[in-house]
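Asks: Have a look at the structure that comes next, please.
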Amino acid sequence: QDMLERNNDKLLPTLRAAAESSTSEFVKKIFKGTTIQASNEPKKRKKNSIIKNFHRSLQELMIKLNRAEPHYVRCIKPNTHKQPKMFQTSKVLEQMN
């Protein structure tokens, strides 16, 4: 939470305009959802900062990762010397725990 408070940088209108006109989809996606408050708007709406967008994006990623059921194959190294036809039982068992 401290990181959010310390890095609550407001997005400059010129930076947002540059990002929106970028040809890079990656750059556009980073700045998607940020708002710049016009001078005639009431001050009730809070501006989104880069760190808040990052935090929201990270939360969305964690939700996706937690929903996934990862399947992977772990490679077990048969020895520490990287030599063929050499099998160290203790090292193999250590990697499996």
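Asks: Out of the residues in the range 35-51 that are among the hydroxyl-bearing types (Ser, Thr, Tyr) and modelled with pLDDT under 65, state the one that is surrounded by the fewest Cβ atoms within 10 Å (Cβ to Cβ).
Replies: Ser39
Asks: Could you give me the residue pairs with C-beta distances under 9 Å whose first residue belongs to the range 37-63 and is at negative phi and of a type in the set (A, V, I, L, M, F, W, C), whose second residue is at pLDDT 65 or above and open to solvent by less than 100 Å² (accessible area, probe 1.4 Å) wherever it lies, and which are 6+ apart or on separate chains?
Replies: Ile50/Leu11; Ile50/Ile30; Ile50/Phe31; Ile51/Met3; Phe54/Ile30
Asks: Could you look through the range 55-80, keep only residues that are closer than 23 Å to Leu93 by Cβ and charged (D, E, K, R), and pick out the one that is most open to solvent (accessible area, probe 1.4 Å)?
Replies: Top of the filtered list is Arg74.
Asks: Can you find, within the range 11-34, the residue that is modelled with the highest pLDDT among those that are closer than 11 Å to Asn53 by Cα and open to solvent by 80 Å² or more (accessible area, probe 1.4 Å)?
Replies: Here the residue is Lys29.
The values are calculated or read from the model by the stated rules, or taken from the named source; none is laboratory data. Just so it is clear, the structure is predicted and the values come from calculations on it, not from any experiment. Note that each Cβ is placed from the backbone with ideal geometry, even for glycine, and that neighbours are counted across all protein chains shown. These area figures cover heavy atoms from the full protein model, side chains too; ligands, DNA and RNA do not enter into them. Shrake-Rupley method; radii C 1.70, N 1.55, O 1.52, S 1.80 Å.
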